[in-house]
1. Mind listing the phi-derived Karplus ³J(HN,Hα) values for the stretch 173-187, rounded to whole Hz, using 6.51, -1.76 and 1.60 with θ = phi - 60°, and x for any glycine or proline?
2. Which whole number of Å³ per residue matches the convex hull of the alpha-carbon atoms in the stretch 74-213?
3. Just to confirm, what accessible area per residue do you get for the stretch 56-213 at 1.4 Å probe, in whole Å²?
4. So, in nm, how far is label Ala151 from label Val170 when the simple model puts each one 7 Å beyond its Cα toward the Cβ?
5. With Cβ to Cβ distances under 14 Å as the rule, what net charge do the other residues near Arg120 carry (K, R +1; D, E -1)?
6. What order, most packed first, do the peptides 128-135, 181-188 have when packing is the mean number of other Cβ atoms within 10 Å of each residue?
7. Around Val167, which amide H atoms from residues at least 5 apart in sequence, or from another chain, sit under 5 Å from its own amide H, with H modelled in the peptide plane?
8. Hey, what do the phi angles of the stretch 134-144 turn into as Karplus ³J(HN,Hα) couplings, whole Hz, using 6.51/-1.76/1.60 and θ = phi - 60°, x for Gly and Pro?
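The values are calculated or read from the model by the stated rules, or taken from the named source; none is laboratory data. Bear in mind that the values here come from a model prediction, so they are computed numbers and not experimental data. Cβ placement follows ideal geometry from the backbone for every residue including glycine, while neighbour counts extend to all protein chains displayed. Accessible surface is based on the protein model in full, side chains and every heavy atom, while ligands, DNA and RNA are left aside. Shrake-Rupley method; radii C 1.70, N 1.55, O 1.52, S 1.80 Å.
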Amino acid sequence: MTSHPGLARAREVLGHLWSGWPLVLLVLVLTLGLGEAYLRLPVVLPRLEFEADRELDARLAPGQRGFLWLANMSMRTPPITVNREGHRGAEDNWTRPVILVVGDSEWFGAGVEDEEVWSRVLERRLNSPPRRQPVHVVNASQPGYGPYHQAVVIDRLLARHPVDVLVVRVSIAQWNFRPVPEAERDARMAAAERRAALRRWTRLLPFLATKAE
């Protein structure tokens, strides 16, 4: 029986690939190594990291500068500064009169530079001309947060700091942003810790997995 030409050609190609598998493996290893090295270069702006939180599920890790993906990972945000308390922008000064603002990614200012975030603009306007007691606006908004998460953030901050004015943006469209069920929290925390451990070893594989999703 004469084999089909297309089938014979496919077998030939597979034979060449099999005979050259050491070279293919070498190219794959080099590609992965170069990708990993590139993502770890100090001049390359990293993606912002999140850390696990039992009540909030996740929150931006404090003390970092990086970017977030927008538009289904087709566009990166400008550089974003997250201070040591996990809030947008420069370090907070709780000794001044404080306006605390809490909201979602829009109030967080995901698409603009640090100095262009509306809370920073508000602070500059309130302090111009200069006041005897400058006002400080704390932006404790976070991407992906809804009313439940915002309530948790507010309770935590009011328990630790004096706040003169509280401004909250609650969207009815986020009614389904609900807390993680108590029965799932341990499993969620364990999964988040495994992902964090993986990211300590490699930044490329999580990046590729997120892209694939």
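1. 5, 9, 4, 8, 7, 9, x, 5, x, 3, 5, 9, 5, 4, 5
2. Looking at the stretch 74-213, the number lands at 149 Å³ per residue.
3. Result: 59 Å² per residue.
4. If labels sit at Ala151 and Val170, their model points lie 0.8 nm apart.
5. Details: positive: Arg88, Arg124, Arg125; negative: Glu91, Asp92, Glu113, Asp114, Glu115, Glu116, Glu123.
Residues near Arg120 contribute -4 overall.
6. Averaged packing, sorted descending, gives the order 181-188, 128-135.
7. Amide H neighbours of Val167: Leu100, Val101, Val102.
8. Values, residue by residue: x, 8, 10, 9, 9, 9, 9, 6, 9, x, x Hz.
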